[in-house]
Amino acid sequence: MSIGLLLITLIIILFGAEAFTNALEHLGARLRISEGVTGSVFAAVGTALPETIVPLVAVLASTAESAHIGEEVGVGAILGAPMMLSTLTLFLMAVFAAHKRGWGGEFRPERTGLERDLTWFLAAFGLSATAIFVPHQAALTRGLLAFTLVLMYFVYVMLTIRASARLVVDGHGTEADHPLYVSRIGLPENLATIVVQLGIGLALIVLGARGFVLGVEELSAWIGVSVLVLSLLIVPVATELPEKINSILWIRRRRDTLAFGNITGAMVFQGSLLPALGIMLTPWEPRPEVLLGMGLTLFASSYLFIMLRRGHLRPWHLTLNGLCYLAYFLTLTW
């Protein structure tokens, strides 16, 4: 029953995220904004919604009896998401890029936006890692750290949008790959129908996320694995699928800016706003599996930033990111 529930809710989440992302692409094209904004802000936020909704639902919708389980699922979803994106997701994207252009081929994303994403992610997630050592009694300090993380994300969004006009002039304007889905049933393609599809996608994501949390709880009890470990491994794999699929499709079409921006923009979102929720709503404390995940995430992201600054970024460079995830998986399941 638990596996069936996970599969059904996963399908609902994927349909919702796909509808949401498709509508965001059309919104970006209609507003004439850059691929950087569409990928790093619009698409990243849209496909990051499952990871955002899951911890919120897990923590806020838990009963008194299941509060501990909800907190475990919340922490796992919050920390597992950036870990998955910075390691396995980048590696899978490199695998599909290598199939088209070879392992020695070159990625050609818009570099200033990618560097901005990684810089802000490392700063925000580094602050989140520091906050894990702040005791629960220091409520004011923890509150200030959470507020700083939220503020950092909004400053990042403003800087990204501010750079949009120049990028559009340079040929990095957003184009939608597919027609608006609701237009296939005869509705006109305009701003109103774009908003309608956004609402439908969000509703499906919320519905699927609630059922997914219940499925994780049942599966944890059935196989006898701690909820935290299961959440660190399974929840991110499932909820990160929209980023993986979209970035793989984009990288195969050689739309590298959208492919990378979809991942690194989600990393900034999940490395700032989600840890702010964790600091305020969960026992944000230095447990071994948590510290290992944070350390590998920062290492993998720093490595990508260094390789990007060195000049050329190629698919084989991202094999190290895949090895980081393999090490984490083996450590938690050994």
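Here Thr89 meets the list (1) at pLDDT below 80; (2) under 27 Å from Glu289 (Cβ atoms); (3) touching a Lys or Arg at 6+ places or on another chain (Cβ under 9 Å); (4) not hydrophobic (A, V, I, L, M, F, W, C) almost entirely, failing just condition (1). From the list Ala64, Ala97, the lone residue that is over 23 Å from Ile13 (Cβ atoms), at pLDDT 85 or above and not β-branched (Val, Ile, Thr) is Ala97. Could you tell me whether region 112-124 includes any residue that is surrounded by fewer than 14 Cβ atoms within 10 Å (Cβ to Cβ), modelled with pLDDT under 95 and of a type in the set (Lys, Arg)? No, region 112-124 contains no residue that is surrounded by fewer than 14 Cβ atoms within 10 Å (Cβ to Cβ), modelled with pLDDT under 95 and of a type in the set (Lys, Arg).
A residue that is acidic (Asp, Glu) and at pLDDT 85 or above occurs nowhere in region 39-60.
Just the residues that are basic (Lys, Arg), at pLDDT 80 or above and part of a helix (DSSP H, G or I), please, taken from region 232-276. Residue satisfying the conditions is Arg252 alone.
Answer yes if at least one residue in region 75-86 is at pLDDT below 75, in a helix (DSSP H, G or I) and of a type in the set (Val, Ile, Thr), and no otherwise.
There is at least one residue in region 75-86 that is at pLDDT below 75, in a helix (DSSP H, G or I) and of a type in the set (Val, Ile, Thr).
If you filter region 294-334 down to residues that are modelled with pLDDT under 90 and outside any helix (DSSP H, G or I), you find that the one that is farthest from Phe125 (Cα to Cα) is Trp334.
The values are calculated or read from the model by the stated rules, or taken from the named source; none is laboratory data. What you see is a predicted model, and the numbers here were worked out from it, not measured in a lab. Ideal geometry is used to build each Cβ from the backbone, glycine not excepted, and the neighbour counts take in all protein chains shown.
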